[in-house]
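Scroll down for the structure; my scribbles are underneath it.
What follows is calculated from the coordinates using simple rules that are stated; it is not laboratory data. Not measured: the values here are computed from a predicted model. With ideal geometry, Cβ positions are generated from the backbone for all residues, glycine too; neighbour counts draw on all protein chains shown.
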Amino acid sequence: MQTLLTAAALVPAGLVPASIPSPDWSGFDIPLPWGSLRIHAYALCILAGIVVGLWLTSVRWARRGAPEGSVWDIAIWAIPFGIIGGRLYHVFSSPDAYFGPGFDGTGDLSLIPQIQRGGLGIWGAVVLGAFGAWIGCRRAGVKLTAFLDAAAPGLLLAQALGRWGNYFNQELFGGPTTLPWGLQVDADNANFPAGYPADTLFHPTFLYESLWNIAGVLILLALDRRFHFRRGRLFWLYAMYYTLGRVWIEAMRIDDAEQISLFGITTRLNVWTSIFVFLAALAVFIWLGRHKDGDADSVYLPGREPAPAAAATADGGTPAGAGTAGSWVHGEGSKDSASAPNVTGNPVRDTDRVVSDSESRGNLPDNQNGSGLTSAQTEAVPASTGGTPTAAESRNTGKSGGTDTGTAPEADSSR
């Protein structure tokens, strides 16, 4: 911290530091009854990346209409699997410290679980992390591809923050440079390369990758807003973007790594991995673009969609779909007439039942007029004429059990 304060004090005097200073802080200790617990800056950077990445993912996941809280149900599986996968990939891509040069058995296997020393390979983290996410998605009833699309920008943001852990560990830097943003590395640090003067500056590859990833987050968000990628296409676009930058950044590094020879070219394992992942991601991205899916917008697995009756209406009353069900219960005639709502929003009863009720009332004695026939004839006279019904109307109303002309027009319009 003293180095950073000294560098900041030079700015008002018009002097700009000609390098990135090496950190003089790599964590802190928490006193415990039996000793102390060391909290490493590397772990804090990884943790900060996870928190921010999950926040962005949860926002995007909720906008897709996913079940509330399901992002945490998935993350609880994906994160541990991702950390284990990242560590395993690092161990096998840089095996000398763990197994000895040429796997001669002179390495120290006890270093493998010591993640605080650094060393998480992104592709191992992605592969096993995706497997853990698949378990969580199956349990939550959602599609893995939909979750990966929502998580792609957040994953890249997490990597951007996590890379700063390499700075605090003074590791994974590039070759010598005279650029003003060259990185200082303590000469007594175990990662300082042999054969270089103590004041040598190195390429800050952690910074290059962090800036590349932040730019990628903005690009992915903009492309997704424009094209609405589905079925995992945004995730494969993330894979293409990241590996495109990782190839040239990885080629700048001078730390020890497994060298692989292919097609007459010998280079780092991570370079070849990035090339192959880029080509595979490009092929899958194109293939998915040519094969459409009519249910691509749904985040739910088939058969795991929420029941329609469980969704309440806006006023918190009858569940969605209850009105439709009620119209089928009341209706005994045609589907159209049974389901047509009236002005109150309730289903209209079948018109044939209305006619039958009128006929029954017509056959009852009228207390005032003295006969059911007189009552039926009075009801049959249209209100608009105000006079005697026509002959045809008289014949219809005069028959026992005839049609109620007052309701017949409604029956016709409901059909």
For Ser26 and Ile219 in the same chain, what is the full-extension length gain: residue separation times 0.36 nm, less their Cα-Cα distance, in nm? 66.2 nm
Taking 0.36 nm per residue of separation between Leu111 and Asn191 and subtracting their Cα-Cα distance, the length gained on full extension comes to 27.2 nm
For the pair Glu258 and Arg226, how long in nm is the line joining their label points, each one 7 Å along Cα→Cβ? 3.8 nm
Under-5 Å amide H pairs with Leu201, H placed in peptide plane, nonlocal only: Thr177
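Average projected area of the Cα convex hull of the stretch 210-251, in nm²?
Its average projected convex-hull area is 2.8 nm².
Only sites in a loop by DSSP and with at most 16 other Cβ atoms within 10 Å count here; which chymotrypsin sites (Phe, Trp or Tyr not before Pro) in the stretch 170-235 make the cut? Don't jump to the answer; show the numbers that get you there.
Working: sites: Phe173, Trp181, Phe202, Phe206, Tyr208, Trp212, Phe227, Phe229, Phe235; in loops: Phe173, Trp181, Phe229.
Passing both the DSSP loop test and the Cβ count: Trp181.
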Quick one: if you stick a label point 7 Å off each Cα along the C-beta vector at Ala280 and Arg138, how many nm between them? 2.0 nm
From the phi angles alone, apply the Karplus equation (6.51, -1.76, 1.60; θ = phi - 60°) to the stretch 277-284 and give each ³J(HN,Hα) in whole Hz, x where the residue is Gly or Pro. 5, 4, 5, 5, 5, 5, 5, 5
Using 0.36 nm per residue of separation minus the Cα-Cα distance, give me the extension gain between Leu44 and Phe131 in nm, one decimal. 28.9 nm
Cβ-defined net charge surrounding Cys137, 11 Å radius [Lys, Arg +1; Asp, Glu -1]: +3
From phi via Karplus (6.51, -1.76, 1.60), per-residue ³J(HN,Hα) for the stretch 162-175 in Hz, x at Gly/Pro: x, 4, 5, x, 5, 5, 5, 8, 6, 9, 6, 8, x, x
Spin-label model distance (nm) - Asp293 vs Asp96, 7 Å beyond Cα toward Cβ: 4.4 nm
Using modelled backbone amide H atoms (1.01 Å from N, in-plane), which distant-in-sequence or interchain residues come within less than 5 Å of Ile20's amide H? Gly182, Leu183, Gln184
Tell me, what is a quarter of the convex hull surface for the C-alpha atoms of the stretch 160-313, in nm² with one decimal? 14.8 nm²
